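Here is the structure we will look at.
Bear in mind that the values in this text are calculations on the coordinates, not laboratory data. Predicted model only: the values in this text are computed from it and were never measured. When we count neighbours, we look across all protein chains shown, and the Cβ atoms used for this are built from the backbone with ideal geometry, even at glycine.
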Amino acid sequence: MHPFTLTKLARSISISLVLSVSSVALAQDATSKKIVEIGLQDPQVMTWLDVLTNRFGGRMVGSDNFTHAARWTRDQLRQWGIAAELEEVGQQPLGFNRGPWFGKVLSRNDKALRFGTPSYTAGTKGAQRGFAVLGPATEAEAQSRMAEFKGAWVLIAGESRGMGRDGRKEYKPDAISLKLMEAGALGTLQAGKEPLSLLDAKPTSWDKLPSMPDIKLTAVQYNEIQEQLKKGEKVELEFDIRNWFYPGPVPFHNVVAKIQGTEKPDEYIVIGAHLDSFDSATGAVDDGSGMSPTIEAMRLLAKAGAKPKRSIVMLASAGEELGILGAASYTEKHAKEMDKVIMMLNRDGAPGAVSGITVPSAWRAPFDRVANNLQAVQGGNSEFGFEVKTSDYPRVRAEALSGTDATAFGMKGVPTPSANNKTDFIYSRTWHTLLDTYNEVVPYAKAQQHSAIAIALMAYEAANAPEPLSREGYYLPSGLYVELTSNQGNLLFALHPKLAPATVARLVGQLEMNFKPPAFNPGAARPTTPAPAIGQAKMIDGQLGFSLNGTWPDSQLTESVNTSHNLTGVTLAINAQGTLLLNPAQNSTPAGFITVAQLIAGQELLSKLENTGEVKQIRVIRAGADAKAFLGEGLQKK
């Protein structure tokens, strides 16, 4: 984008954001007030996104783009007087850079093709022309048709999901690919849905480089070519793909910046986002829209002269897209500090406005100050707002790296509260696709600047809080749990296998085999209608119970039940038909029911459920090694 255009964009954000100061505003910390004023009067969040996406482009780990973006981020932070360093995460066995790519159908009126290639896959040797042919279904067919594939573009079967034709985590050509390469095929074409998703297909060493381009073509164009070939027509194609490798190893780094605390420097508030991206586009949404407000938040803190009691750390992580490598490396390198990290605020998702957060009730005060600071300067008229909600419902501690950087911190017991994101952006449109570009974020420029201000305030107010910010109770302790999600909210039960081992084993087995919720996929289309209920609440002899849809084992359980338990509050019992019953402590367990668990969270919902409650989801939560080893009925050891 032209600098003049960028300046006009910043000025328009400033004009639309600056609002009158309310005469009834609550007293503000001077630094907090300064953070908001600078953020409104001199918005720069889109400047940083412009640099990351339009100067550097896609930032795949192992590329020059990522290396230069990391160094620029470090140096920019240093210009603001913030201590910033590069911390090595690891090394790629070789480097990969992507240049432009072109393709067309050659005819009287050439037709441009819409396509891409996964990262770490082969390019062409300049512009290469050849006729398209239908690919073989088997190795034997490939062997018998070797002459057809020489100098040809080969249409292969299957729908692309963005992964490499010959493996993602490790490049391993299959038998058909080897035959096509032996025959001298120019490359393969595979159909994919629009917008095309493109990931990576990484070779493991310089002497095992891929040599045959792996083209993912839009399904509409792929099908057109395929139909022409089936009719016996000739289709000539030309591709020019500027992918290239260079010898490794290529080290890659996190950018770690710190504003030192004045009173408790060994206590930390971490804010973070991932700097890397897939490089078929420029990584503007994933995660430029998280990284740019995080960088801007650090600028606001520095320009406001922030001197918080606790230290504020910014982590711009590397290799999130390749398995959360950077965040995991940081938590290992700083393992001795993890017990002193109060919280980690991660920004990774759709562009939009941070409009609130849910935190434990003991943490409410500093986040209320964030809301008050935003309201005071903006006169209470902000279109985004900032709502603080509290919940002491225990969180499930991450036990594996998945999804985003926050899980690396969760595995170490660090709280990772997730801020609300006010947006109408459809994330699946750009998630790892060719559409993940700067222009997608431009309509959300004002929201992005609001997010930067909110991130800076959250970090500062938490770091400067006079209140103790305890982590106690944030995560579930080790144990076996059942969580029931109703149309009114969640109920959480701690299972006690020693009370009735066989009954608990049956419950766990049935839930994990027949009622296990589907895995979350952020790239999947959101359902237009809510999922049907899997069970209903009902009253049983004046007590609240739940029946689940489906069939439970016909056999009756006969076991000696431990009735000497000292469970307090509401307990959970179950009968042979799988009906669940909530039983107040003062009541004896009804005939036919066996007590298996204790309600530990969600008590306030009980009066709302009764006959109107629906069971939307039910799942077993295994926290800790012993719980993971517990074998439910019908389940096999992993």
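For the chain, there are no membrane-span-like helices by this rule, meaning no whole DSSP H stretch whose C-alpha atoms cover at least 20 Å of axis and whose Kyte-Doolittle mean is 1.0 or above; this says nothing about an actual membrane.
For region 99-246, what relative contact order do you get, as a whole percent, if you take Cα pairs closer than 8 Å and at least 6 residues apart? Before the final figure, lay out the partial values.
Values: 325 pairs, mean separation 59.8, N = 148.
Computed value for region 99-246: 40 percent relative contact order.
Is the chain best put as rounded, prolate or oblate by its Cα gyration tensor, with a ≥ b ≥ c the root eigenvalues, rounded for a/c under 1.5, and otherwise prolate when a/b is larger than b/c, oblate when not?
Working: a/c = 2.08, a/b = 1.21, b/c = 1.72.
Note, shape of the chain comes out oblate.
Look at the dipole of the chain built from charges on Cβ: of 51, 106, 346, the Cα furthest out on the positive end belongs to 106.
With respect to the cross-link table entries 111/216; 258/333; 193/446; 340/412; 258/446, which display a Cα-Cα separation exceeding 20 Å?
Details: 111/216 17 Å; 258/333 15 Å; 193/446 32 Å; 340/412 11 Å; 258/446 27 Å.
From 111/216; 258/333; 193/446; 340/412; 258/446, over 20 Å: 193/446; 258/446.
Label reach from residue 207 (point 7 Å along Cα→C-beta): in region 241-258, amide nitrogens under 17 Å belong to 247-249.
Dipole size in debye (nearest 20) for region 99-246 around its Cα centre, Lys and Arg Cβ +1, Asp and Glu Cβ -1?
Values: 22 positive and 19 negative charges, 44 e Å.
Dipole of region 99-246, to the nearest 20 debye: 220 debye.
By the helix-only formula, in which each DSSP H run with n ≥ 4 contributes -39500 (n - 2.57) and the sum is divided by residues, the chain has a 222 nm mean residue ellipticity of -8000 deg cm²/dmol. Distance between the C-alpha centers of region 135-156 and region 319-352? Whole Å please. Comparing the Cα centres of region 135-156 and region 319-352, I get a distance of 46 Å.
Provide 338, 60 in ascending order of the number of other Cβ atoms located within 10 Å of each residue's Cβ, fewest first.
On the way: 338 17, 60 28.
If I rank by nearby Cβ atoms, fewest first, I get 338, 60.
Note down the relative contact order for the chain as a percent, whole number, built from C-alpha pairs under 8 angstrom at least six residues apart. Relative contact order for the chain comes out at 15 percent.
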